[in-house]
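Remarks on the structure that follows.
Each value in this text was obtained by applying a stated rule to the coordinates, not by laboratory testing. Here the structure is a predicted model, which is why all the values come from computation and not from measurement. Counting neighbours? That spans all protein chains shown, and the Cβs are built from the backbone with ideal geometry, glycine included.
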């Protein structure tokens, strides 16, 4: 605040407008650059998935196909193996998310509203679990599931997915319960409500938005997982992401348009969830508990 | 029952699950560093430090340098782009809410799809980047981006960047919204231009967000597997073989759990250092 009169100087105001035009151009230019980076790949996936084969495998590629075809989408829905993977994805991601939220909600509430010895240590142990390398856990999980006969089953996938969704759920729900005032719980206690009543009758109904958001994150993480599903699921229980790798990769000539159409199909449920639940997802994401 | 007993009972299911599917597997895999053990054949033998010594002699340094290149690249590049997008979307952009939603799309897409998509974009024979480079006359012959040692790592880093920058944008945007307008006005009165108020107001105010985002990105990239595995499986000639790929291949292709455990133990030791830094930081923020 040294020299307030300076802002009133005429020459400065002129440079000010010039600067503003320059800033505006910079903003627009920057926007175009990042928008091309962010959206061209999606456009390209879409275009490839409807371009007839002879045009896909010609060089240089055309940014707009001369004719379009939906045969690759039909191929997906006519392929029983892919449909099975798709169903597996729904079963595994859904069960994982439901059970992680159900278990995580009690832990989150306890971490947030109770005080006992070891609470902080346990909390940070569970937080740090999101930072343990999945690949390392995978080796022992594989042996463990092989030993108890769970290898190549839905259980192997649900349990292994829970290893990354549970810490996420506990942490997100703890964050949510932290925002609820203690008085709410105290008042219920004064009215003679038991802890179970407090949780099920009072907290869970209030916490619905947080439960939905947590469920969505757990579902997305499970839906998107690749390496656990590839290694532990076996051909019958594998989800779509590794299923696509097995179906299309390692052929002599990868069928890119088929792969792009299938890629859009596997991305679609997530994008649809996102469109309807954007508010919840952005709030959860910016809380910082979620893996980027 | 006392309140603290109830509190403990409520965590118990999560805790048991945690012990069985996270803690035990983590420790179990590290113990294998000291065993001669196969993924498929029964039996095991204690071999002491043999596996670790062998890993240190042979695999450790190449794995470390590859992992560091990937980690630094896949942390810095998304950070710069994500930050820039946040600043742009925080400015006066038409339909700002719509764009904020749209820019999250690359983050939502499964990592496997991200890998497929960029494999196709970088494709040596029919890829769109080769097409553009050739049309513009920048190169005379197609580049085999994923098949050559010089370009494979960068191709993977770019794919990963595309996948993660939206997360950084969301985090930075949330941080930007907490900065009071007064600070910018005060800076403007002091005669600071845009650039100056960015360095003197925005950056210091976002210090917490910036450290969180950089530390977490570093930790996650240090152990990232999926994008690399699908795009290159660690090749060509090991040029994208990070710790994660090295451990996976040792365990599930060579089926040598001793070697996988030894690499894993060294990897985990390095990772713990960064995780401890982060946790100390997170505890301070939390307190």
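Label-to-label distance, residue A:196 versus residue A:178, with points set 7 angstrom from Cα along the beta-carbon direction: 3.0 nm. Counts of other chain beta carbons within 10 angstrom of each beta carbon in peptide A:37-43 average 6.
Here r is the Cβ-Cβ distance between residue A:58 and residue B:140 and R0 is 30 Å; the resulting FRET efficiency, rounded to 0.05, is 0.95. Restricting the calculation to Cα atoms, the stretch B:12-286 shows an Rg/Rh of 1.05 when the hydrodynamic-style radius is the Kirkwood one.
Values of log10 I(q)/I(0) for the stretch A:159-292 across q = 0.09, 0.16, 0.22 Å⁻¹ run -0.40, -0.92, -1.27, by the Debye formula with one identical scatterer at each alpha carbon and no solvent. Among the residues of B:123-131, the average count of other protein chain beta-carbon atoms within 10 Å of the residue beta-carbon is 4. Each peptide among A:56-66, B:214-224 gets the average number of other Cβ atoms lying within 10 Å of its residues, and from highest to lowest they stand as B:214-224, A:56-66. Taking the Cα centroid of the stretch B:5-47 and of the stretch B:151-173, what is the distance between the two, rounded to the nearest whole Å? Here the answer is 33 Å between Cα centres. The Cα-based radius of gyration and maximum Cα-Cα distance (Dmax) for the stretch B:114-202 are 20.8, 57 Å. When each of the peptides A:99-107, A:269-277 is scored by the mean number of other C-beta atoms lying within 10 Å of its residues, the order from highest to lowest reads A:99-107, A:269-277.
Post the alpha-carbon centroid distance, the stretch A:146-176 to the stretch A:65-89, in whole angstrom. Between the Cα centre of the stretch A:146-176 and that of the stretch A:65-89, the gap is 29 Å. Working note: Cα atoms of the protein assembly as shown, range along each principal axis, descending, whole Å: 84, 74, 51.
Relative to its residue count, the stretch B:67-124 spans a Cα convex hull of 110 Å³ per residue. Working note: 222 nm ellipticity from helices only, DSSP H runs with n ≥ 4, each -39,500 (n - 2.57), summed and divided by the residues of chain A, gives -24000 deg cm²/dmol to the nearest 500.
Taking only the Cα atoms of chain A, the radius of gyration and Dmax are 25.6, 82 Å. Look at the stretch B:224-234: the mean tally of other chain Cβ atoms within 10 Å of its residues' Cβ atoms is 3. Annotation: extensible slack from residue B:58 through residue B:148 equals 30.1 nm (criterion: 0.36 nm per residue apart, minus Cα-Cα distance).
GNM remark for chain B: springs join alpha carbons under 10 Å apart, and the peak mean-square fluctuation among B:202, B:161, B:233 falls on B:202. Of the two radii for the stretch B:88-160, the radius of gyration is 1.11 times the Kirkwood radius, both from the alpha carbons; that is the Rg over Rh value.
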